[in-house]
């Protein structure tokens, strides 16, 4: 039976790069050193007016095809993870099939998940490969959250960044992704949400959990998200390790969704990990939602920090509330190095 592995990854950021100095120039009253101390973010990328998640996705995928000399005819299935689709319908994945020139016998679907989306995408790809339905899957994560954020929103504008990542999921002879575990608690749906634009009328929409301070369409209750995360993530890690029959000592690197440095540092303390074991890489990219994990993997690969034949953890968590994780061995990089 074939297994799935995370193959090469390509990233694309929009052209506009917004630094903390830029924000201070626009809002001198914002204490940017204090904000940077909490978020760990010093710059972020902003999609241009009229530039959508599918535009970023196309560029990331074309980067992957070019950098890896990858035959697009070999793609069996396209998985598109986004919460900022071009349209309510048709699915963005169908539009991407045409724009990328993938064959018409290629499956394509969208799934609407945020910060846990990459791990969910890996599980979907693993299932398609294990069932024999596909051999090469293009998993794209792309978001333009900044389109939901008001320019004067100090809490959100300083965190979220637009980006896309294209990841090739392909067959492997040895297990690479194991012990998937998931969690869902819809009672937290009111802590990170866009309350308009869907089929439910505004007078029927879920109300934000706490007072809405900003004009942004996107609402976030940071403290509630923090409280949820510090409980759910350690429990999730315990469940994954138990299922995989591993101990914390068996895990080399914990790759966690890059939310904010404050949240990740708190998890470092709770899990008793050091900076190498739980890397924080937010400074130059910001929180790119579903793309933080593939961006982090790509960075660590290029820096040579992923050791061959070691077990790592991939953990996503956030909007929904939704969380997911698995054990991962980077068999692709090991094979390339050989």
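The values are calculated or read from the model by the stated rules, or taken from the named source; none is laboratory data. None of these values were measured; they are calculated from a predicted model. Backbone-built Cβ (ideal geometry, glycine too); neighbour counts: all protein chains shown.
Identify all residues within the range 172-194 that are in contact with a helix residue (DSSP H, G or I) (Cβ under 8 Å, 6 or more places away or on another chain) and part of a helix (DSSP H, G or I); write none if there are none. Selection gives 188, 191. For the range 114-131, a residue qualifies if it is in a loop (DSSP other than H, G, I, E, B) and more than 17 Å from residue 56 (Cα to Cα), and the qualifying residues are 115, 116.
The combined condition, being surrounded by fewer than 20 Cβ atoms within 10 Å (Cβ to Cβ), touching a strand residue (DSSP E or B) at 6+ places or on another chain (Cβ under 6 Å) and outside the structural domain of residue 290 (by TED's automatic domain parsing), is fulfilled by residue 74. Part of a helix (DSSP H, G or I), over 17 Å from residue 151 (Cα atoms) and modelled with pLDDT of 95 or more: is that true of residue 54 in this structure? Answer is yes for this residue.
Of the candidates 12, 24, 42, the single residue that is touching a helix residue (DSSP H, G or I) at 6+ places or on another chain (Cβ under 6 Å) and without any contact (Cβ under 8 Å) to a residue 24 or more places away in the chain is 24.
Between a residue in the range 312-338 that is outside the structural domain of residue 245 (by TED's automatic domain parsing) and any residue that is part of a strand (DSSP E or B), which pairs come within a Cβ distance under 7 Å, given they are 6 or more apart or on different chains? Partner pairs satisfying both residue conditions: none exist. List pairs: first residue in the range 101-112 and within 12 Å of residue 72 (Cβ to Cβ), second residue in a loop (DSSP other than H, G, I, E, B) and modelled with pLDDT of 95 or more anywhere in the structure, Cβ distance under 6 angstrom, at least six positions apart or on different chains. That search, which allows pairs on different chains as well, returns 102/75; 106/75.
Tallying residues that are crowded, with 22+ Cβ neighbours inside 10 Å and either farther than 13 Å from residue 76 by Cβ or over 19 Å from the mean Cα position of the chain (by Cα) (or both) within the range 137-148 yields 7. Only one entry of 41, 129, 35, 75 meets the criterion of being more than 15 Å from the chain's Cα centre (by Cα) and modelled with pLDDT under 95, and that entry is 35. Exactly one residue out of 241, 192, 246 is surrounded by 18 or more Cβ atoms within 10 Å (Cβ to Cβ), modelled with pLDDT of 95 or more and under 30 Å from residue 328 (Cβ atoms): that is 241. Somewhere in the range 1-9, is a residue more than 19 Å from residue 168 (Cα to Cα) and touching a strand residue (DSSP E or B) at 6+ places or on another chain (Cβ under 9 Å)? Taking every residue of the range 1-9 in turn, none turns out to be more than 19 Å from residue 168 (Cα to Cα) and touching a strand residue (DSSP E or B) at 6+ places or on another chain (Cβ under 9 Å). Assess whether residue 134 counts as being modelled with pLDDT of 95 or more, in a loop (DSSP other than H, G, I, E, B) and surrounded by 19 or more Cβ atoms within 10 Å (Cβ to Cβ). Answer is yes for this residue.
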